[in-house]
Amino acid sequence: MFSIVLNIVGTLFHLYVAARLYSLDAVRSRIPRRVWWIGAFLVWLLYFAGVHIGDQALDWRWWPGQFALTWLGITFIMSLCLLAADILGGFGLWWRAHTQKLRALGAAAGVLLASLAIFQGMRAPVVVDQEVVMKDLPKALDGTAIVAVSDIHLGAQRRSEWLAARVEQINALQPAAVLLLGDQVEDEPIGEPQLAPTLRALKAPWGVWAVTGNHEFYGDLDTTVREFEEGGVRWLRDRRVELAPGLVLAGIEDIGRAMRNGGEITAGLARTIPAPTGAATILMSHIPAAPIIEEASARGVDLMLSGHTHGGQIWPFSYAVQKRFAKYIGAYDVDGMTLYVTRGAGSWGPRMRLWRPGEIIRLTLRSPTAA
């Protein structure tokens with residue numbers, strides 16, 4: 001069903017962009033109609049094939065699959081810009097003398113914005129600093145730095161080499177602990193011998209901890225968990241640990257399946273934190289669902305960390321994401337609990353981001369009793 005939707009939507013975007021570009025005198029005067037539309041058909045054929053091949057395969061099939069998703073992103077952005085030009089010019093019904101200029105401006109804007117989106121999607125994630133006051137944090141832990149990373153989506157697009165560069169970024173921040181907030185993989189296990197030594201290169205005295213995201217469950221979950229465990233990553237699947245005296249870290253299993261099937265999504269949280277711990281508590285939950293946020297605050301969690309939303313990834317999808325998750329990006333105060341929803345370090349689908357790049361979060365923990 002998903003591939004059918006991609007075929008229909010992608011074809012409409014492709015045809016609209018091709019038709020509008022060929023309506024420009026500068027294009028029509030240089031390229032014969034037959035040549036243009038044969039070329040457009042061949043590009044569409046590659047897109048169609050890529051949709052069915054997919055971009056998750058870890059061999060040559062990645063290329064047509066990734067082309068299809070990237071082309072979908074490019075034609076979507078260009079369609080928005082060209083449509084804006086058409087609306088402004090009344091689809092040629094008024095301002096006819098300016099139709100060519102408006103469409104040329106729309107095409108140029110589409111190319112520039114698509115290029116920016118690709119640049120933002122390909123570049124290294126930026127480091128974002130966030131201070132968090134935790135009401136129960138011991139004074140001795142004031143100033144502790146913890147790094148959180150979500151949605152790295154290792155797979156066909158990103159491999160151990162990409163992850164190694166992120167390890168260098170994280171180690172430079174000198175964190176006490178590293179928290180992986182889910183969607184570590186795109187779907188299937190990585191299957192790279194370099195993955196374990198790359199993960200073991202992370203330097204964090206309190207360890208590297210992870211929770212599952214929805215994408216871990218799309219593939220072989222058990223193998224993915226084992227691959228990361230071989231790299232020294234410890235998983236929190238509806239359980240909690242004491243990171244340091246007076247500081248608890250909890251993690252719940254991804255709630256995506258329960259949300260899709262209408263199940264009880266707070267059951268894992270109830271098992272993990274049946275009552276307030278009496279210590280400063282950090283909760284990792286991949287999806288920032290409202291019931292989890294409210295329940296976590298009620299159970300005395302000081303800091304909740306989530307990802308999943310990608311911050312909308314490509315504008316204006318951010319508005320649709322915000323409809324689904326009211327708290328979808330950045331820091332929020334929820335009855336005294338700090339919620340931080342990161343836009344993630346990687347991307348899903350097209351390797352594009354509009355407007356902001358991926359991020360790695362450095363959280364500095366503060367005690368209210370510190371001088």
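The values are calculated or read from the model by the stated rules, or taken from the named source; none is laboratory data. What you are looking at is a predicted structure, and each value in this text was computed from that prediction instead of being measured. Every residue, glycine among them, receives a Cβ derived from its backbone with ideal geometry; neighbour counts consider all protein chains shown. Keep in mind that these areas ignore ligands, DNA and RNA; they rest on the heavy atoms of the full protein, side chains included. Shrake-Rupley method; radii C 1.70, N 1.55, O 1.52, S 1.80 Å.
Got a sec? Which of 107, 26, 40 is touching a residue at least 12 places away in the same chain (Cβ under 8 Å), open to solvent by 40 Å² or more (accessible area, probe 1.4 Å) and either farther than 30 Å from residue 155 by Cβ or more than 21 Å from the chain's Cα centre (by Cα) (or both)? Please lay out each step first, then the result.
Numbers: 107 fails: open to solvent by 40 Å² or more (accessible area, probe 1.4 Å); 40 fails: open to solvent by 40 Å² or more (accessible area, probe 1.4 Å).
After ruling out the rest, the residue left standing is 26.
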Top-ranked residue in region 305-346 [being touching a Pro at 6+ places or on another chain (Cβ under 6 Å) and not small (Gly, Ala, Ser); ranked as nearest to residue 76 (Cα to Cα)]: 325
Are there any pairs with C-beta distances below 6 angstrom linking a residue in region 287-302 that is without any contact (Cβ under 8 Å) to a residue 12 or more places away in the chain and under 14 Å from residue 253 (Cα atoms) to a residue that is open to solvent by 20 Å² or more (accessible area, probe 1.4 Å) and in a loop (DSSP other than H, G, I, E, B), with the two at least 6 apart or on different chains, and if so which? none
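Results for (1) in a loop (DSSP other than H, G, I, E, B); (2) open to solvent by 20 Å² or more (accessible area, probe 1.4 Å), shown as yes or no for each residue.
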site	(1), (2)
165	no, yes
168	no, yes
175	yes, no
178	no, no
183	yes, no
199	no, no
Return the total of residues in region 324-359 being of a type outside the set (Asp, Glu) and either in a loop (DSSP other than H, G, I, E, B) or at positive phi (or both). 23
Flag for residue 59 being in a loop (DSSP other than H, G, I, E, B) and either modelled with pLDDT of 95 or more or open to solvent by 50 Å² or more (accessible area, probe 1.4 Å) (or both): yes
Across (1) of a type in the set (Val, Ile, Thr); (2) open to solvent by 30 Å² or more (accessible area, probe 1.4 Å); (3) closer than 19 Å to residue 213 by Cα, residue 369 clears everything bar (3)
Just one of (1) part of a helix (DSSP H, G or I); (2) more than 30 Å from residue 157 (Cα to Cα); (3) not β-branched (Val, Ile, Thr) trips up residue 365, so point out which. (1)
Out of all the residues in region 229-250, is one or more modelled with pLDDT of 95 or more, open to solvent by 10 Å² or more (accessible area, probe 1.4 Å), part of a helix (DSSP H, G or I) and not basic (Lys, Arg)? yes
Can you tell me which residue is farthest from residue 207 (Cα to Cα) among those in region 172-185 that are in contact with a Leu (Cβ under 7 Å, 6 or more places away or on another chain) and without any contact (Cβ under 8 Å) to a residue 60 or more places away in the chain? 185
Complete set of residues in region 289-321 that are closer than 23 Å to residue 360 by Cβ, of a type in the set (S, T, N, Q) and part of a helix (DSSP H, G or I): 318
Kindly list the number of the only condition in (1) acidic (Asp, Glu); (2) closer than 26 Å to residue 206 by Cα; (3) under 23 Å from the mean Cα position of the chain (by Cα) that fails for residue 333. (2)
Only residues that are open to solvent by 20 Å² or more (accessible area, probe 1.4 Å) and either part of a loop (DSSP other than H, G, I, E, B) or free of Cβ contacts under 8 Å to residues at least 40 places away in the same chain (or both): list them for region 251-260, please. 253, 258, 259, 260
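Of the residues that make up region 316-335, is at least one buried (at least 24 other Cβ atoms within 10 Å of the Cβ) and of a type in the set (A, V, I, L, M)?
No - not one qualifying residue is present in region 316-335.
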Step by step: first the residues of region 120-153, then only those that are in a strand (DSSP E or B) and either at pLDDT below 95 or more than 29 Å from residue 227 (Cβ to Cβ) (or both), then the one that is least open to solvent (accessible area, probe 1.4 Å). Which residue is that? 132
Members of region 201-228 found to be open to solvent by 50 Å² or more (accessible area, probe 1.4 Å) and either closer than 23 Å to residue 173 by Cα or of a type in the set (S, T, N, Q) (or both), listed by number: 203, 205, 206
Of all residues in region 14-23 being touching a Leu at 6+ places or on another chain (Cβ under 9 Å) and either among the aliphatic types (A, V, I, L, M) or farther than 16 Å from residue 103 by Cβ (or both), the one that is most open to solvent (accessible area, probe 1.4 Å): 21
Condition first: more than 37 Å from the chain's Cα centre (by Cα) and not small (Gly, Ala, Ser). Now tell me which residues in region 90-104 satisfy that. 93, 94, 95, 96, 98, 99, 100
Of the residues that make up region 36-44, is at least one outside any helix (DSSP H, G or I) and of a type outside the set (Lys, Arg)? no
Counting only residues that are open to solvent by 10 Å² or more (accessible area, probe 1.4 Å) and under 15 Å from residue 337 (Cβ atoms), how many does region 267-292 have? 5
